Amino acid sequence: MTATLVDKITPTAEPAVTCDAELMRSVLARVGDKWSVVVICELGKGSRRFNELRRLAYPITQRMLSATLRGLERDGVVTRTVHPTVPPQVEYALAPAGQTLLTIVQDLAGWTEQNLDGIRATRVAYDRRHQDPTTADL
């Protein structure tokens, strides 16, 4: 029987989880992270310098943007190019793997946008059903 993606990334009761499963979970966590999605979408419009990305991804902090870019670069989603100028100019762009990921991320963002009204309504209904009875009249 062939293992599905879910089978590959779901931890088993066995003590030894394969390296591939751990890597897959790690990559999915990275590309599904809220700031990674924003950065990937912005870089899908073209290469950007760090401060430009920071403005476009507001309210991301400098530290979080640095960590996000490092992680995406490490996973081969983003490339970092240092131009030999004074001061050095650094540009970030989507790597080929990032280009293929861009379509998926854009589809996910489109799905979210199409379903916002329904999600908003179900959240309100859920919150009403699960409201703390001691604060219901507040």
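Throughout, read-outs are computed from the coordinates displayed, never taken from laboratory work. All of these numbers come straight from a predicted model, not from anything done at the bench. Here the Cβ is made from the backbone with ideal geometry for all residues, glycine too, and neighbour counts use every protein chain on show.
Inter-label distance, L116 to L23: 3.8 nm, where each label sits 7 Å from its Cα along the C-beta direction. The magnitude of the dipole of segment 59-120, with charges of +1 and -1 set on the Cβ of Lys/Arg and Asp/Glu and taken from the Cα centre, is near 280 debye. Amide H to amide H, with H built 1.01 Å from N, V78 comes under 5 Å of E73, A95, counting only residues 5 or more places away or on other chains.
Between the listed residues G32, Q106, L53, the Cα displaced farthest toward the positive end of the dipole of segment 18-122, a dipole computed from Cβ unit charges relative to the Cα centre, is found at L53. The relative contact order of segment 16-138, computed from alpha carbon pairs under 8 Å that lie at least 6 residues apart in sequence, is 23 percent.
With the cut-off at under 11 Å, measuring from each backbone N in segment 82-117 to a point 7 Å along the Cα-to-Cβ line of E73 picks out 82-83, 90-93.
Once the other residues with Cβ under 12 Å from the Cβ of R80 are scored (Lys, Arg +1; Asp, Glu -1), what is the net sum? Net charge around R80: +2.
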